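Engineer: Provided herewith is a single structure, encoded as C-alpha cells, for subsequent inquiry.
The values are calculated or read from the model by the stated rules, or taken from the named source; none is laboratory data. From a predicted model like this one, the values you see are computed outputs, not experimental measurements. Heads up, the Cβs are rebuilt from the backbone with ideal geometry, glycines too, and the neighbour counts pull from every protein chain shown.
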Amino acid sequence: MQVQRVVLNSRPGKNGAPVPENFRLEETTLVPDLKDGEVLVRTLCLSVDPYMRCRMNEDPGVDYVAPWQLSESVDGGGVGVVESSRCSTCSEGGVVTSFNWPWQTYAVMKGSVLQKVDPQLVDGHLSYLLGAVGMTGLTALLGVREKGNVIQGANQTMVVSGAAGACGSIAGQFGRLDGCVRVVGICGSDEKCRALVDDLGFSAAINYRQEDVPTRLKEHCPDGIDVYFDNVGGAISDTVIAQMNRDSHVILCGQISQYNKDVPYPPPLSEEIHETLRRKNITRERFMVLNYMHKAEAALCELSQRVKSGQINVLETVVNGIENMGDAFCSMMKGGNIGKQIIKISE
Ligand code: NDP
C-alpha cells in the first residue's frame, strides 16, 4: 500500500530556529505483511512538542530521548486505530497510542510498544489523549502537585508562563482548583490573554510581547507570587522570580525560550537570580514527567474526570494533513498555537 511519511530533511543547527524545510514529505510503499506480534495501524492524530527541538540536533544533550536521523521517519506522540493485528493484546478496530508513533499515515508497529486506550476516557475526543488527558495534562497536573506546594486556604498566588499552551493552560486551571486564590498567566498575544481569562478562569493575563511584565505582575499579584509554573525560562522567568515571596516555589517544567540556543538544560541562571533564590529560600526543582509514570494511571483518571465534568476546559489548535507536520511544529515553537497543537491525519 502507498503511504505518506515525514522524514528529517536537515538539522537547524544548535543555534537555529527550526523551519518547515527541515522536514520532508515522502510517498513510500508499505508491505503490510505482519510478523508475529506486529500490527498495522492507521494514524488518526499526531502531536508536536517542544522537546522535539532537541531531537533535531545530532546530539540531543539529554539522555531520555534519541536524535532523529536524517532521511528517517520522525516520531512522537500519536493516536491511531488498529487495522489488522498479529498481536494478541491488540484487536482490530481498537484505539492505541504511543510516544514513538512514526509520522506516517499508516505504519506497521510492534504491539508491545502500543498502549490500548478506552475512547470513553475522553468521550471519543481522541486528540485529548495527546494533550489534556495525555502527556501534557500529566505534566501540568503532576508538576503542580509534586513541586508546587499549593495548599487550600493558604491565600496563594500562582503565575504561569507559556500559559496559553498545552501544559500552561491546564497547569493554571489546576492551580485554581487546588486552592490558589489568584492565577495569572503570561503569554504572547491578546487573543491568548482573552482565552485564559474568559475560557479558562485565570484571574488575569499578561501579553509579554506588548506589556511591561514587571509592572503588570505587580498590579496583578499585589501579595507577591507563591508558586511559579515555569514553561519558558529566560528574561520572563527572571522577572517573575524577582517578585516571588519568601519560601515560595518554582515548578521548573520547561525553558522553551532557550531551546534554539546551544546551552545545557536547564540553562544556567545569572548570579543575581541565584542570590534571590537563596535569600528568599525559593525552591526551584527540575520537574520531569517521565520520572512520575508510576502516578500516571491515577492522574489520567483524574484528568479524564475533570475534563468530562467541565472542571477543566481544553483548548486545542488543530491542523489537518500529514503534509503540514513541519509547519505545525515550527508554528508551535513560535507561539502559533492556543492550547495543544494537534495534527489530524485521518478520521
Ligand atoms: P506549548 O503548547 O506551550 O507551546 C509552546 C509555547 O511556547 C508557544 O505556544 C509559545 O507561546 C511559547 N514560546 C515559544 N517561544 C517562547 C519564548 N521565546 N518566550 C516565551 N514563550 C515562548 O508547549 P507545551 O505545553 O507542550 O510545552 C510547554 C513547556 O513545557 C515547554 O518548555 C516544554 O519543554 C515543557 N514540557 C516539560 C515536560 C516535563 O516533563 N518537564 C513535559 C512536557 C513539556 P507564546 O505565544 O505565549 O509565546
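Engineer: If you check residue 288 against the conditions, is it in contact (Cβ under 8 Å) with a residue 40 or more places away in the chain and either closer than 30 Å to residue 3 by Cα or more than 13 Å from the ligand (Cβ to nearest atom) (or both)?
Structural biologist: So residue 288 does not fit the description; no.
Engineer: Please give the number of the condition residue 156 fails out of (1) in contact (Cβ under 8 Å) with a residue 40 or more places away in the chain; (2) crowded, with 23+ Cβ neighbours inside 10 Å; (3) within 16 Å of the ligand (Cβ to nearest atom); (4) not β-branched (Val, Ile, Thr).
Structural biologist: (3)
Engineer: Okay, moving on. Working carefully through the options 65, 81, 74, 150, find the one that is modelled with pLDDT of 95 or more and either surrounded by 23 or more Cβ atoms within 10 Å (Cβ to Cβ) or under 24 Å from residue 264 (Cα atoms) (or both). Walk me through it before giving the result.
Structural biologist: Numbers: 65 fails: modelled with pLDDT of 95 or more; 81 fails: either surrounded by 23 or more Cβ atoms within 10 Å (Cβ to Cβ) or under 24 Å from residue 264 (Cα atoms) (or both); 150 fails: either surrounded by 23 or more Cβ atoms within 10 Å (Cβ to Cβ) or under 24 Å from residue 264 (Cα atoms) (or both).
Unique residue meeting the criteria: 74.
Engineer: OK, next. Being without any contact (Cβ under 8 Å) to a residue 60 or more places away in the chain and within 14 Å of the ligand (Cβ to nearest atom) is the filter here; which residues of the stretch 291-339 pass it?
Structural biologist: Scanning the stretch 291-339 gives 291, 293, 317, 319, 331, 336.
Engineer: Can you find a residue that is assigned by the TED database to the domain that holds residue 125, of a type in the set (D, E, K, R) and under 18 Å from residue 320 (Cα atoms) anywhere in the stretch 53-70?
Structural biologist: No, the stretch 53-70 contains no residue that is assigned by the TED database to the domain that holds residue 125, of a type in the set (D, E, K, R) and under 18 Å from residue 320 (Cα atoms).
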